[in-house]
Amino acid sequence: MTGNTNKNTGSHPFIELKDLSKHFGDFVAVDTVNLQIGRGELFSILGASGCGKTTLLRMMAGFETPTSGRIFIDGVDVTDQAPYQRPVNMMFQSYAIFPHMTVEKNVAYGLEKDRVSKGEIKTRVSEILELVQLTRFSKRKPNQLSGGERQRVALARALVKRPKVLLLDEPLAALDKKLREHTQFELMNIQDELGITFVVVTHDQEEAMILSSRIAVMEKGRFEQVGTPKEVYEYPDNRFVADFIGTINMFEGTVETAGDGSISVASDEAGAPLTGLTDRIMENGVKVCIAVRPEKIFISQHEPENQEDTCLPGVVEDLGYFGNLSLYRIRLDSGKIVQVSAQNRRRSAERFLEWDDRVFISWPPRSAIVLTE
Amino acid sequence: MSAGTDKGRDMLWQRFTVAIPYIWLLIFFLAPFAIILKISTADPIIAQPPFTPTFDDGGALLATADNYKFLLTDKLYIITYLKSVSMAATATILCLLLGFPMAYGIARAGSAARSILLLLVILPFWISFLLRVYAWMGLLNNHGVINNFLMWLGIIDAPLQLIYTDFAIYIGLVYSYLPFMILPLYAILERMDLDLVDAALDLGARPSQAFWDVTWPLARPGVIAGCLLVFIPAMGEYVIPYLLGGPEALMIGRVLFDEFFVNRDWPLASSVAIVLLMMLVVPIVFLQRSQAKDAGGAA
Ligand SMILES: Nc1ncnc2c1ncn2[C@@H]1O[C@H](COP(=O)(O)OP(=O)(O)OP(=O)(O)O)[C@@H](O)[C@H]1O
Ligand SMILES: [Mg+2]
């Protein structure tokens, strides 16, 4: 699941954003963002539409002047540098391929502006077109290409300059599922091969999980959490991240007893005390949320023996068969719906569970996420 | 059965609507063109109408090419044509130089400012063209607003000769036709993807390089349209040289008028018109070819 994790992250950060903000009039598009990205990382910025991802990227590329804050790349303050001075290339959300130039010309453009010699331009362009498998199309105009081919032209055009940092704004959004999966791995290979630091913007969390060494979850211009895909999935910092990444069941409640690294939470939604593990010191009566992922929950028709586990009775409200797994919606006595997923390990003629079956759902305390924010 | 006739009627209607522009062109362009062409091959006579018929009573062809021969050998006419081309071309270039930055500015302005600026461009059309040219006469006159103002400032002692000069014609042409340059340029610049310019900057282009590499070539159809919309009417312009230009301001529109109404030499005037038309049609066809080739290469 985790891609290339934090390899050769140097001692000092390669990209550093300090208190970066962007206001459009009264509207705050990016709100005091602080971030450090290591050399060679494949870093993803994940967030819903309109949360400020493109604006953040455009500030890094130099198209948007920050309202406040500084940007450092490889130790150099680039905040006041023009786009053409920055060691950064961007792949635009719209691809922004020059419609009046052939594929070849598009890719060569950046090198021509750098006054690279004709011979070298030729070899580098054909190398990069080879890499993105576009050699056949080098003489075509952009409107003679499919969406996926155009996306690869945009990628090649940004890569051919061998920037220190490549910014990719929703690079795969226009592709169908198959092609997207294929290209994801292609991107990871290219990144691996060239050792360029990638900053990828996406609103597709699966894509972010697969691609990245680390992910920043963004909401309303702020970073809610920065961490490895595993961290943001298994150890979300707050309710927003827990809810945004994947599916999760959340039980609101108050701390009843606390101590010894574990707490017991009274929750009307659950109808029974919930146990959670936490390092934090919590006082009784504090409002908390216990969150559990669907795949961490066991489901059975008999009450489980293990007294440590949290166990809640309910009724099968709905179930769905997805081949490799089954999804259940369980209605607790409180009326709360809990989502549970189970692997279909066995092949059986009849379904294991049916509608309206009385069941018990349970999970060990270590599977429960304790959220206070 | 009835559905069939309905369908047939629909088809007929469809054909008719498609044909409307052609019918329009046929009646209002081709027919007058044929008449003018016919007159241009006649000789002038003092009669009603003031030209010889194309065929005599016996049916023999009387048409001559004398008028054209005369036009193409008389230095005066050749000079007038060339002068018209050069004045129209200069006015077109001036319009482009003024209009491009204006169109660019309007296209990049905020949406509120944009509609006001566009309105300002179109506003002069609310007033009659003739009135606006007369207004310029008032401004450029020896005792007009501009001269009086300059004298009041003490910059000049005697009035400058502004009116009845080529300078005044250029002012009139540029002033009158500037909106025809701005509007097509605005239309194309406004819908241009700004990311393209950003992409050029991102790839290492200076802002000026990004302009010449991306903005200019993509704005080319607008530039061509604007130039044609200015050049064609400027070439045949009659009112502006007549009212603002000096007596020696030889623009072909004025010569045409004089031949028709002063000399009453309809055949010669017609041939002047035909030659003018040919001079305009040839570059237009040429430009359309090159544009079609561009589009074809891109499609
Ligand atoms: N030039 C601008 N002027 C005013 N508001 C802007 C401008 N650019 C962006 N915004 C606003 O800032 C917010 C963030 O925009 P941004 O393009 O960064 O979103 P995004 O996260 O990239 O969204 P998406 O996933 O849809 O691309 C949006 O609400 C947008 O309307
Ligand atoms: Mg965006």
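The values are calculated or read from the model by the stated rules, or taken from the named source; none is laboratory data. These numbers come from a predicted model, not from an experiment. With ideal geometry, Cβ positions are generated from the backbone for all residues, glycine too; neighbour counts draw on all protein chains shown. To get the accessible areas, we keep the full protein, side chains included, count just its heavy atoms, and leave off ligands, DNA and RNA. Shrake-Rupley method; radii C 1.70, N 1.55, O 1.52, S 1.80 Å.
Interface B/A, total buried accessible area with a 1.4 Å probe, nearest 100 Å²?
2000 Å²
Ignoring everything but the protein chains, give the 1.4 Å probe accessible area of B:MET235 in square angstrom, nearest 10.
The accessible area of B:MET235 comes to roughly 0 Å².
Could you tell me the accessible area of A:ILE361 in Å² (1.4 Å probe, neighbours in place), rounded to the nearest ten?
Ignoring ligands and nucleic acids, A:ILE361 comes out at about 0 Å².
Exceeding 23 Å between C-alpha atoms, which entries from my cross-link table qualify? They are A:LYS122/A:LYS161; A:LYS287/A:LYS336; B:LYS38/B:LYS83.
Cα-Cα > 23 Å for B:LYS38/B:LYS83; rest within.
Mind checking which of B:LEU12, B:LEU243, B:LEU194 has the largest fluctuation in a GNM of chain B, springs on alpha carbons under 10 Å?
B:LEU12
Which order do you get for B:ARG108, B:ARG9 if you rank them by accessible area with a 1.4 Å probe, largest at the top?
B:ARG9, B:ARG108
Need the per-residue list for the stretch A:96-125: every residue with at least 20 Å² less accessible surface in the complex of protein chains than in the chain by itself, probe 1.4 Å, sorted by number.
A:ALA96, A:PHE98, A:PRO99, A:HIS100, A:TYR109, A:LYS113
Taking a ≥ b ≥ c as the square roots of the eigenvalues of the Cα gyration tensor of chain A, is the shape rounded (a/c under 1.5), prolate (a/b larger than b/c) or oblate?
prolate
Which whole-number percentage describes the relative contact order of the stretch A:186-262, with Cα contacts under 8 Å and a sequence gap of 6 or more?
On the way: 52 pairs, mean separation 12.8, N = 77.
The normalised contact order for the stretch A:186-262 reaches 17 percent.
Name the residue, out of B:LEU183, B:LEU119, B:LEU98, whose mean-square fluctuation peaks in a Gaussian network model built on chain B with Cα pairs under 10 Å.
Per the Cα network of chain B with a 10 Å cutoff, B:LEU119 tops the list.
Residue-wise, which Karplus ³J(HN,Hα) couplings in Hz belong to the stretch A:60-76, taking 6.51 cos²θ - 1.76 cosθ + 1.60, θ = phi - 60°, and x for glycine or proline?
Each residue's phi maps through the Karplus curve to give 5, 7, x, 8, 10, 7, x, 5, 7, x, 10, 10, 10, 10, 6, x, 9 Hz.
Ranked from the most accessible area to the least, with a 1.4 Å probe and all protein chains present, what is the order of A:TRP363, B:TRP24, B:TRP152?
On the way: A:TRP363 0, B:TRP24 155, B:TRP152 190 Å².
If we order A:TRP363, B:TRP24, B:TRP152 from most to least accessible, we get B:TRP152, B:TRP24, A:TRP363.
Heavy atoms only, probe 1.4 Å: what % of the accessible area of chain B goes to carbon and sulfur, would you let me know?
Carbon and sulfur together cover 72 percent of it.
Quick check: from the Cα gyration tensor, does the stretch B:87-131 come out rounded (a/c under 1.5), prolate or oblate?
Oblate.
Of all GluC sites (Glu not before Pro) in the stretch B:212-266, which ones are in loop regions per DSSP and have a Cβ with at most 13 other Cβ atoms within 10 Å?
Listed in order of number, the matching sites are B:GLU248.
For a 18 Å ceiling on Cα separation, which of these pairs sit above it: A:LYS53/A:LYS141; A:LYS139/A:LYS178; A:LYS105/A:LYS139; A:LYS230/A:LYS296?
A:LYS53/A:LYS141; A:LYS139/A:LYS178
Work out how much length B:LEU37 to B:GLU248 would gain on full extension: take 0.36 nm times their residue separation and subtract the Cα-Cα distance, in nm to one decimal. Could the numbers behind the result be given before it?
Numbers: separation 211, 0.36 × 211 = 75.96 nm, distance 2.84 nm.
73.1 nm is the gain from fully extending B:LEU37 to B:GLU248.
When Lys and Arg each count +1 and Asp and Glu each count -1, what net charge do the other residues less than 10 Å away from B:VAL214, Cβ to Cβ, add up to?
Charge balance in the 10 Å sphere: -3.
Quantify how strongly other chains surround peptide A:81-94 by giving the mean number of their Cβ atoms within 10 Å of each of its Cβ atoms.
What the average comes to for A:81-94 is 4.
Largest first and in whole Å, what are the equivalent-ellipsoid semi-axes of the stretch A:34-152 based on the Cα gyration tensor, each being the root of 5 times an eigenvalue?
On the way: eigenvalues 170, 68, 37 Å².
Values for the stretch A:34-152, descending: 29, 18, 14 Å.
With the other protein chains left in place, how much accessible area per residue, in square angstrom, belongs to the stretch A:248-371 at a 1.4 angstrom probe?
On the way: 7230 Å² over 124 residues.
Accessible area per residue, the stretch A:248-371: 58 Å².
Threshold 20 Å², probe 1.4 Å: give the residues of the stretch A:49-80, in number order, that are less accessible with all protein chains present than with their chain alone.
Residues of the stretch A:49-80 that lose at least 20 Å² of accessible area once the other chains are added: A:ARG58, A:PHE63.
Ranked from the most accessible area to the least, with a 1.4 Å probe and all protein chains present, what is the order of B:THR54, A:THR202?
Per-residue accessible area, sorted high to low, gives B:THR54, A:THR202.
Quick query: amide H of A:GLN93 versus all other amide H atoms, modeled in the peptide plane; which residues come in under 5 Å with a sequence gap of 5 or more or a different chain?
Amide H neighbours of A:GLN93: A:ASP169.
I need the calculated FRET efficiency for the pair B:ILE20 and A:THR65, taking r as the beta carbon distance and R₀ as 56 Å, to the nearest 0.05.
0.55
Once you sort the root eigenvalues of the Cα gyration tensor of the protein assembly as shown as a ≥ b ≥ c, which label holds: rounded (a/c under 1.5), prolate (a/b larger than b/c) or oblate (the other case)?
prolate
Strictly greater than 27 Å: what percent of every Cα pair in the stretch B:75-264 meets that?
42 percent
What residues from the stretch B:34-58 fall in the zone where the backbone N is under 15 Å from a label point 7 Å along the Cα-to-C-beta line of B:ASP66?
Answer for the stretch B:34-58: B:39-47, B:50-56.
If I build a Gaussian network model for chain A, linking alpha-carbon pairs within less than 10 angstrom, which residue out of A:ILE281, A:ILE215, A:ILE299 has the largest mean-square fluctuation?
Looking only at A:ILE281, A:ILE215, A:ILE299, the biggest GNM fluctuation is shown by A:ILE281.
Which whole-number percent gives the relative contact order of the stretch B:206-288, counting Cα pairs below 8 Å spaced six or more residues apart?
Taking the mean separation of contacting Cα pairs over the length of the stretch B:206-288, I get 21 percent.
Rounded to the nearest 0.05, what FRET efficiency do A:GLU295 and A:ALA174 give with R0 = 22 Å and r taken as the Cβ-Cβ distance? Could you check?
0.10
Kyte-Doolittle cut-off 1.6, length cut-off 15 Å along the helix's own axis using Cα: show which whole DSSP H helices in chain B pass.
Span-like helices here: B:111-122.
Give the whole-number value, in cubic angstrom per residue, of the convex hull volume spanned by the C-alpha atoms of the stretch A:248-371.
99 Å³
Between B:TRP216 and B:ALA292, what length in nm is gained on full extension when 0.36 nm per residue of separation is reduced by their alpha carbon distance?
25.6 nm
Tell me, what ³J(HN,Hα) does each residue in the stretch A:271-276 have, in order and in whole Hz, if you take phi through Karplus 6.51 cos²θ - 1.76 cosθ + 1.60 with θ = phi - 60° and put x for Gly and Pro?
Here the 3J(HN,Hα) series is x, 8, x, 10, 10, x Hz.
Please give the residues from the stretch B:179-205 for which the solvent-accessible area of heavy atoms, probe 1.4 Å, is smaller by at least 40 Å² with all protein chains in place than with the chain isolated.
Relative to the lone chain, where solvent access is computed with a 1.4 Å probe, the stretch B:179-205 loses at least 40 Å² at B:ASP195, B:LEU196, B:ASP198, B:ALA199, B:LEU201, B:ASP202, B:LEU203, B:GLY204.
Amide H to amide H, which residues 5 or more places from A:GLU224 or on other chains are under 5 Å from it, using H placed in the peptide plane?
Hits under the 5 Å cutoff: A:VAL217, A:MET218, A:GLU219.
Any chance you could look up the accessible area of A:VAL226 with a 1.4 Å probe, heavy atoms only, rounded to 10 Å²?
Spelled out: A:VAL226, probe radius 1.4 Å, area about 60 Å².
Could you check the spin-label model distance between A:ARG140 and A:GLN85? Points 7 Å from the Cα along Cα→Cβ, value in nm.
Output for this residue pair reads 3.9 nm.
In the stretch A:253-342, which trypsin sites (Lys or Arg not before Pro) are in a loop and have at most 14 other Cβ atoms within 10 Å, using DSSP for the loop call?
Passing sites in the stretch A:253-342 are A:ARG280.
Leaving out ligands, DNA and RNA, what percent of the accessible area of the stretch A:120-259 is carbon and sulfur, probe 1.4 Å? Each step should come with its number before you reach the end.
Numbers: 2870 of 6020 Å².
Looking at the stretch A:120-259 in its full context, I get 48 percent from C and S.
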